[in-house]
């Protein structure tokens, strides 16, 4: 059955995907050079984008926006319409890809029915103004003065808890631009990434912050059975995102696929197994990952997009539970969450799967004549899974992703045979500290960088 599913994924992309991505690329090229420097070729690219939206609710507004923009009078409103069109096209690509994946896996998915949040006081005018200036200037025109002009805006947004989502996004974009300044002399520009960040930030900044308003959450109770943990590490932050199946208590409702994420700020000198120490405020979650245990949750907030708002005090570790057994018994029948509108982007797809009975060669997973690329670049340095262990494996729980025009599998847990002995490894095995003696010795030699930095920070605060 899995071979049939894999074969279905390896076919051609859904109709229209390549064309839609081509339209997005044309828009992104305009952002590189700036909306004040639109020549005939870039004007045609914007016209093609508007044409693709002609039969949608954005059609008339997009046509007007392109006309005004190519005439040299692009306002914030016009750029917002065009950013919305870009996001809509990527959303259509996301939906087509995810529908194909769900069909191949036989996975049922919930539908999005959340109402639009009410209007609030507009606190994001400065954010929109800076993003407007960026678009007019273009990435190649960005310098330190333009980036620095966002500092005061970011500071004011961070002071308002409900706007921190926009603040962090804006701060991240500004940091990447600052690191590349002056962009005019940069060897390469991450065109798609910066355009994604820009368009998302602009939409989150609309209508008094409605797009970025906090979602209402339902309260859920039951058994949380972990499938695996995906660790996202950046120089300045780390996040552990747990993928799991939620069994509602009392036998009410169907099993659901959910995520639970915890994060912390960091510095680039903290890496490897030490990053787990930054998440020490969540001992129940980390203990369950390291010891492979069930988590009993009570009245935990769950957002419509499938994300638990993790609160360690609402969870208790239970009996041991093998993630591979969970995947074999529960994964196929669990209801997948709906995808929030602004999350509909191809790079956002990361669906948990169980694959067994394969062989690995040249970074590719082979099963009954079907071949699927492995995403080994995402293996975290804070866990025991290595490319060599993946190559020796015959079963994995992983995430299926869409990357650069093809499907890939990112391992979260593997079963392998090493020196004729069965081995099972999970990304979260070192959540309470490394268990490999060699890694333990290396950590001891390098010292406890987290404790040292915290002690130094404490001294500075006491002065």
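The values are calculated or read from the model by the stated rules, or taken from the named source; none is laboratory data. Note that this is a predicted model, so its numbers are computed, not measured. Here Cβ is always computed from backbone atoms with ideal geometry, including for glycine, and neighbour counts include all displayed protein chains.
Structure above, values below:
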| quantity | calculated |
| --- | --- |
| Residue list for region 280-291, restricted to those being outside any loop (DSSP other than H, G, I, E, B), touching a helix residue (DSSP H, G or I) at 6+ places or on another chain (Cβ under 6 Å) and more than 17 Å from residue 413 (Cβ to Cβ) | 284 |
| Region 400-435, residues that are exposed (fewer than 14 other Cβ atoms within 10 Å of the Cβ) and within 11 Å of residue 389 (Cβ to Cβ) | 417, 418 |
| Neighbours by Cβ (under 6 Å, 6+ apart or cross-chain): first from region 237-264, at positive phi and surrounded by fewer than 19 Cβ atoms within 10 Å (Cβ to Cβ); second modelled with pLDDT under 95 and not in a strand (DSSP E or B) | none |
| Top-ranked residue of region 163-201 - restricted to ones that are closer than 11 Å to residue 31 by Cβ and touching a residue at least 40 places away in the same chain (Cβ under 8 Å), ranked as surrounded by the most Cβ atoms within 10 Å (Cβ to Cβ) | 199 |
| Some residue of region 309-318 being assigned to a helix (DSSP H, G or I), touching a strand residue (DSSP E or B) at 6+ places or on another chain (Cβ under 8 Å), in the same structural domain as residue 273 (by TED's automatic domain parsing) and surrounded by fewer than 18 Cβ atoms within 10 Å (Cβ to Cβ) | no |
| Residues of region 60-76 that turn out to be out of contact with any helix residue (DSSP H, G or I) (no Cβ under 8 Å at 6 or more places or on another chain) and closer than 14 Å to residue 135 by Cβ, as a count | 2 |
| Qualifying residue in region 95-113 (condition: at pLDDT below 95, more than 26 Å from residue 407 (Cα to Cα) and surrounded by fewer than 14 Cβ atoms within 10 Å (Cβ to Cβ)) | yes |
| Selection from region 29-42 of residues that are within 23 Å of residue 196 (Cβ to Cβ) and part of a helix (DSSP H, G or I) | 29, 30, 31, 32, 33, 41, 42 |
| All helices (runs of 4 or more DSSP H) inside region 43-138 with 1 or more residues being touching a residue at least 40 places away in the same chain (Cβ under 8 Å) | 76-105, 125-137 |
| Residue in region 390-403 that is part of a helix (DSSP H, G or I), more than 17 Å from residue 230 (Cα to Cα) and touching a strand residue (DSSP E or B) at 6+ places or on another chain (Cβ under 6 Å) present | yes |
| Selection count, region 120-146, where residues are crowded, with 19+ Cβ neighbours inside 10 Å and under 18 Å from residue 205 (Cα atoms) | 8 |
| Unique match (being farther than 30 Å from residue 157 by Cβ and either modelled with pLDDT under 85 or assigned to a helix (DSSP H, G or I) (or both)) among 273, 216 | 273 |
| Filtered residue count, region 245-265, keeping only those that are in a loop (DSSP other than H, G, I, E, B), over 14 Å from residue 302 (Cα atoms) and modelled with pLDDT of 85 or more | 1 |
| Selection status of residue 42, in contact with a strand residue (DSSP E or B) (Cβ under 8 Å, 6 or more places away or on another chain), at negative phi and either outside the structural domain of residue 403 (by TED's automatic domain parsing) or at pLDDT 95 or above (or both) | no |
